[in-house]
Amino acid sequence: MNDRSNLPAASLLHLLQICSPSLPVGAYSYSQGLEAAMESGLVSDEASARAWIVDMLAQVVARFEAPVAWRLLHAFNRGDAEAVSRWTALFIASRDSAEFRAETIQMGYSLGKLLPELTPHRTEVLELLAAQRELPFPTALAAAAVALDVPSEEALLGLLFSWAENQVLACVKSVPLGQVAGQRLLLSLRAPIEAAAAVAMALDDDELSNWSPGLQLLSMQHEVQYSRLYRS
């Protein structure tokens with residue numbers, strides 16, 4: 001990965017803001033299948049939590065959500081309405097359980113609703129955003145990054161770190177893990193996050209895949225799980 005020491009302070013602060021799992025999108029409400037994995041015994045301690053997160057990063061996020069976000073970042077930068085709509089529709093179609101679909105639409109809506117107030121001068125980005133019938137989170141995040149002048153590579157890393165941080169927070173609260181274990185786990189994810197970003201940027205369109213039947217089954221089980229804290 002390239003040296004990011006020259007990232008302007010304003011861009012860095014904007015990146016931290018839009019990638020927060022607390023504000024503005026409420027990502028902390030979701031575990032993306034992790035709670036079901038805990039219920040089934042697949043995740044029960046720090047080691048199994050790390051194995052789950054690393055596998056999800058490498059096999060699921062890096063091979064579909066992240067490369068779609070990467071394409072959306074470039075589409076918004078080019079003002080390519082056709083590409084924005086195509087990748088938006090494809091991402092929504094890829095959500096293969098009701099809760100995964102509801103998650104990305106809710107988070108996308110929450111972030112998209114803020115942009116006209118935060119960046120009213122970026123009319124070209126807002127028009128592309130408004131043209132989408134439904135707004136998944138990767139589309140809203142890409143639009144926010146472009147509107148706030150966050151470089152694409154940093155925005156992609158921000159998306160991946162935010163996802164990983166949210167997974168770690170779910171483990172801290174629900175495995176449960178201690179705060180030190182959570183920080184240790186998050187620190188150990190730097191290399192997998194960078195590797196996921198490199199894969200996402202390198203994949204050709206026909207190499208993208210959201211094939212993850214085990215995760216899909218866990219999500220469906222979670223929809224009818226008796227006791228749960230998270231919405232996915």
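The values are calculated or read from the model by the stated rules, or taken from the named source; none is laboratory data. What you see is a predicted model, and the numbers here were worked out from it, not measured in a lab. Methodologically, a virtual Cβ is constructed for each residue, glycine included, from the backbone with ideal geometry; neighbour enumeration extends over all protein chains shown. All accessible areas refer to the heavy atoms of the entire protein, side chains included, with ligands and DNA or RNA removed. Shrake-Rupley method; radii C 1.70, N 1.55, O 1.52, S 1.80 Å.
Structure values in brief
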read-out	value
Qualifying trypsin sites (Lys or Arg not before Pro) in the stretch 110-211, DSSP loop, other Cβ atoms within 10 Å at most 14	Arg133
Principal axis dimensions, largest first and in whole angstrom, of the chain by Cα	48, 38, 35
Relative contact order of the chain, pairs being alpha-carbon contacts under 8 Å that are 6 or more residues apart, as %	38 percent
Per-residue [θ]222 nm for the chain (sum of -39500 (n - 2.57) over DSSP H runs n ≥ 4, rounded to 500)	-20500 deg cm²/dmol
Filtered chymotrypsin sites (Phe, Trp or Tyr not before Pro), the stretch 142-212: DSSP coil and at most 15 other beta carbons within 10 Å	Trp211
Residue-wise HN-Hα coupling along the stretch 155-161, computed from phi with Karplus coefficients 6.51, -1.76, 1.60 (Hz; x: Gly, Pro)	4, 5, 4, x, 4, 5, 5
Amide hydrogen neighbours beyond the local backbone of Gln225, cut-off 5 Å, H modeled	none
The stretch 93-102 - phi-based ³J(HN,Hα) in whole Hz, Karplus 6.51/-1.76/1.60, Gly and Pro as x	5, 7, 6, 9, 9, 4, 6, 5, 5, 4
Debye-sum result for the stretch 85-218 in log10 I(q)/I(0), which assumes one identical scatterer on each alpha carbon, at q = 0.13, 0.19 Å⁻¹	-0.68, -1.31
Directionally averaged projected area (convex hull, Cα atoms, the stretch 1-103), nm²	8.8 nm²
Heavy-atom accessible surface of the stretch 1-109: percent carbon and sulfur, 1.4 Å	57 percent
Karplus-derived 3J(HN,Hα), 6.51/-1.76/1.60, for each residue of the stretch 220-232, Hz, glycine and proline x	5, 5, 5, 4, 10, 5, 5, 10, 7, 9, 10, 8, 8
